[in-house]
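Novice: Encoded as structure tokens, here's the structure I'll be asking about.
The values are calculated or read from the model by the stated rules, or taken from the named source; none is laboratory data. All values reported here derive from a predicted model rather than from experimental measurement. Note that we place each Cβ from the backbone using ideal geometry, even for glycine, and neighbour counts take in every protein chain shown.
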Amino acid sequence: MSDQATLSRPVSTADPFSHGFLRDPYPYHEALREAGPVVWLERYGIWAMARHEQVRGALTDWQTYCSSAGVGLSDFRKEPPWRPPSIILEADPPLHTRTRAVLTRILSPAAIKVLRDTFEREAEKLIARLVEQREFDGVADLAEAYPLKVFPDAVGISEEGRENLLPYGSMVFNSFGPRNDLFDLAMANAGPVRDWIMSKCSRAALAPGGLGMQIFEAVDAGELSEDEAGMLVRSFLSAGIDTTVYGLGNALYCMARYPEQWSVLRGSPNLIRGAFEEVLRFEAPVQSFFRTTTRDVEVGGVRLGDGEKVLLLFAAANRDPRRWDRPDTFDVTRRAAGHMTFGTGIHGCVGQAVARLETEAILTALAKRVASFELTGEPERRLNNTLRGFDRIPLRVVPV
Ligand code: OVM
């Protein structure tokens, strides 16, 4: 590559964490994709990747793009993290390999099968009640209510204090961005929320047989220390709620916004699994994560230095016209596998089978009872530095 080419690094003034960007990221994503394979964001002095090929490339090269310096904007080598780093998300091999093996086993297909009956029964119960009611808020009454019941039950924590789970998720996911207004708002009550979360991460706080206690069984088997087990329970409580809340909300929004797609699904329930993948592609609940370079590296003729932050825009990769036909069309019959919303490579979402189980249970229960959805008002967005979703989705359902 000539000096000429390496000198012409694409540059953008976009702020991916501004309200304008977060409210409607797609025009910005397009501009960043078209600017080049990797783009310098002046505002933060970081790189951004928005094309599918490069996002995937970075995610599958953990030696060059590490996670141990944090997967947010903040570089843990330069400023202290707001909480002790996650020993799975914010870790590299060999630590990551050991912790990941434990969660991979606890969330294996065989383990998910054990959860299925309960998750389906709870989905049926909730949807029967909401359809009876006819009008409800798709966020509070469904997208939040369901994961807040089934997931903490599966982990094995008390009912008391569960109202701390969403505020904690907001802290976690806003903290991957800059210290902006969203970060400050999320952190307003950080102390008590964090204390409650940590109090649920000890062996004594967990029900026998649950996903949380299974982590402590790995201590008894010599795979983890007692402290590490607590940190992995914290990972469940950090990553397991908001992600699925935003995902379910986005699924409902898509079905209300594209009624003909709901008709297609109702006609062919075998499409439900793929439809959720299309929701994840089209309205990614997790929009982005960062990596940090561990060496000088060249990307499509652009030179990145060692120790630089790289923003991976999963949601932009999910609509890259180089990878997808009609990327801006929501189509439940599409083969949406290959979207980047669960990431990929060694850090690819370890809980994705739980997320799929929750959404399939809800969409299946809805498909039996709901002919169509009507928005009774404008959905209101909830802005977050990492997540994309809604504060309120006012819905009326037309029963079958
Ligand atoms: C963790 C964690 C937190 C947030 C997200 C996540 C998407 C993991 O604490 O390990 O994975």
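Novice: Within the range 249-290, work out how many residues are among the aliphatic types (A, V, I, L, M) and within 16 Å of the ligand (Cβ to nearest atom).
Specialist: Total satisfying the criteria: 3.
Novice: For THR341, all conditions in the list (1) assigned to a helix (DSSP H, G or I); (2) within 14 Å of the ligand (Cβ to nearest atom); (3) over 23 Å from ASP117 (Cα atoms) hold save one; what is the number of the exception?
Specialist: (1)
Novice: Additional query: Within the range 163-201, track down each residue that is farther than 27 Å from TRP47 by Cβ, among the aliphatic types (A, V, I, L, M) and part of a loop (DSSP other than H, G, I, E, B).
Specialist: The answer is ALA188, and nothing else.
Novice: Filter the range 213-230 for residues that are at pLDDT 95 or above, away from the ligand (no atom under 16 Å from the Cβ) and of a type outside the set (A, V, I, L, M) and give the result.
Specialist: Scanning the range 213-230 gives GLN214, PHE216, GLU217, GLY222, GLU223, SER225, GLU226.
Novice: A follow-up question, please. Scan the range 155-181 residue by residue and report those that are away from the ligand (no atom under 14 Å from the Cβ) and surrounded by 23 or more Cβ atoms within 10 Å (Cβ to Cβ).
Specialist: Correct list: ILE157 only.
Novice: Please pick out the residue among GLY249, GLY210, GLY222, GLY240 that is exposed (fewer than 15 other Cβ atoms within 10 Å of the Cβ) and small (Gly, Ala, Ser).
Specialist: When all the criteria are applied, what remains is GLY222.
Novice: Consider the range 291-321. How many of its residues are among the small types (Gly, Ala, Ser), touching a helix residue (DSSP H, G or I) at 6+ places or on another chain (Cβ under 6 Å) and closer than 15 Å to PRO10 by Cα?
Specialist: Qualifying residue count, the range 291-321: 1.
Novice: In addition: Please find, within the range 347-366, the residue that is farthest from the ligand (Cβ to nearest atom) out of those that are surrounded by fewer than 21 Cβ atoms within 10 Å (Cβ to Cβ) and over 30 Å from LEU95 (Cβ atoms).
Specialist: Selected residue: THR364.
Novice: Is it the case that SER170 is over 24 Å from ALA355 (Cβ atoms) and either hydroxyl-bearing (Ser, Thr, Tyr) or modelled with pLDDT under 95 (or both)?
Specialist: No, not satisfied.
Novice: Separate question: At least 3 residues that are touching a helix residue (DSSP H, G or I) at 6+ places or on another chain (Cβ under 7 Å) and modelled with pLDDT of 95 or more in each: list the strands (runs of 3 or more DSSP E) lying fully within the range 355-399 that qualify.
Specialist: The qualifying strands (runs of 3 or more DSSP E) are 370-375, 388-392, 394-399.
Novice: Please go through (1) surrounded by fewer than 19 Cβ atoms within 10 Å (Cβ to Cβ); (2) modelled with pLDDT of 95 or more; (3) small (Gly, Ala, Ser) for SER8 and return the number of the only condition it doesn't satisfy.
Specialist: (2)
Novice: Separate question: Any residue in the range 39-56 that is within 13 Å of ASP320 (Cβ to Cβ) sitting within a Cβ distance under 6 Å of a residue that is hydrophobic (A, V, I, L, M, F, W, C) and part of a loop (DSSP other than H, G, I, E, B)? List the pairs, counting only those 6 or more apart or interchain.
Specialist: MET49/VAL38; VAL55/MET340
Novice: For the range 231-248, name all the residues that are near the ligand (Cβ under 8 Å from one of its atoms) and among the hydroxyl-bearing types (Ser, Thr, Tyr).
Specialist: Answer for the range 231-248, where residues must be near the ligand (Cβ under 8 Å from one of its atoms) and among the hydroxyl-bearing types (Ser, Thr, Tyr): SER235, SER238, THR243.
Novice: When you look at GLU298, is it farther than 21 Å from TYR44 by Cβ, in contact with a strand residue (DSSP E or B) (Cβ under 8 Å, 6 or more places away or on another chain) and surrounded by fewer than 18 Cβ atoms within 10 Å (Cβ to Cβ), yes or no?
Specialist: yes
So that you can scan it fast, the table gives a plain yes or no per residue for (1) in a loop (DSSP other than H, G, I, E, B); (2) under 29 Å from HIS96 (Cβ atoms); (3) among the charged types (D, E, K, R); (4) out of contact with any Pro (no Cβ under 8 Å at 6 or more places or on another chain):
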residue: ASP15; (1), (2), (3), (4): yes, no, yes, yes
residue: PHE21; (1), (2), (3), (4): no, no, no, yes
residue: ARG56; (1), (2), (3), (4): no, yes, yes, yes
residue: GLY70; (1), (2), (3), (4): yes, yes, no, no
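Novice: Give me the residue from the range 86-104 that is buried (at least 16 other Cβ atoms within 10 Å of the Cβ) and not hydrophobic (A, V, I, L, M, F, W, C) and, out of that set, nearest to the ligand (Cβ to nearest atom).
Specialist: SER86
Novice: What number of residues within the range 202-233 satisfy the criterion of being within 16 Å of THR104 (Cα to Cα) and assigned to a helix (DSSP H, G or I)?
Specialist: 14
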